[in-house]
Amino acid sequence: MAAIKKDGVDDTVKHRIRITLSSTNVQNLEKVCKDLINAAKSKELEVKGPVRLPTKFLRITTRKTPCGEGSKTWDRFEMRIHKRIVDLKSPSEIVKQITSISIAPGVEVEVTVAE
């Protein structure tokens, strides 16, 4: 559905697409980010990012002994959630081709399309 202008320039409607990636594993997240940006740049799209958002720390502190007797020792558990945002300007048909890259396990991808 490409509309052609009089001078022969492609006049397709370009949408602003925001891809949000989140994971607990930084290496997998950075790999998926790099693959996604390389795929977008190979299609000659306008890319902004990856924007690194602050890491969320989920902490749980619990007693080691289930009955409550004995010395008061504690266990501390922590899970870190890392997020990246990549903004693209492209037709919506091309987004399916770009996001068809192999995504590492544990990486969540959310795609938002705006005009």
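The values are calculated or read from the model by the stated rules, or taken from the named source; none is laboratory data. Keep in mind that this is a model prediction, so the values were computed, not measured. We place every Cβ from the backbone using ideal geometry, glycine too, and count neighbours over all the protein chains shown. Please note that ligands, DNA and RNA were not included when accessible areas were found on the heavy atoms of the full protein model with its side chains. Shrake-Rupley method; radii C 1.70, N 1.55, O 1.52, S 1.80 Å.
General remarks:
- Correct choice for semi-axes √(5λ) of the Cα gyration tensor in Å that was computed from the model, options (i) 26, 18, 13; (ii) 45, 12, 10; (iii) 23, 16, 12: (ii)
- Using C-alpha pairs under 8 Å with a sequence gap of at least 6, the mean separation divided by the residue count of the chain gives a relative contact order of 44 percent.
- Extension gain from His15 to Val111, taking 0.36 nm per residue of separation minus the Cα-Cα distance: 33.4 nm
- Between 0 and 90°, nearest 10: helix 26-42 axis offset from the chain longest Cα axis: 0
- Lysines whose Cα lies under 20 Å from that of Lys83, excluding same-chain neighbours fewer than 8 positions away: Lys31, Lys34, Lys48, Lys56
- A Förster distance of 25 Å, applied to the separation of the beta-carbon atoms of Arg76 and Val51, puts the FRET efficiency at 0.25.
- Candidate residues Arg59, Arg76, Arg52: accessible-area rank, largest first, probe 1.4 Å: Arg76, Arg59, Arg52
- Rounded to the nearest 10 Å², the accessible area of Glu108 at probe 1.4 Å: 120
- A simple spin-label model places pseudo-atoms 7 Å from Cα toward Cβ; at Thr62 and Thr24 they are separated by 1.3 nm.
- Å² per residue, accessible surface of segment 62-115 at 1.4 Å: 72
- Portion, in percent, of the accessible area of the chain that falls on carbon or sulfur, probe 1.4 Å: 51
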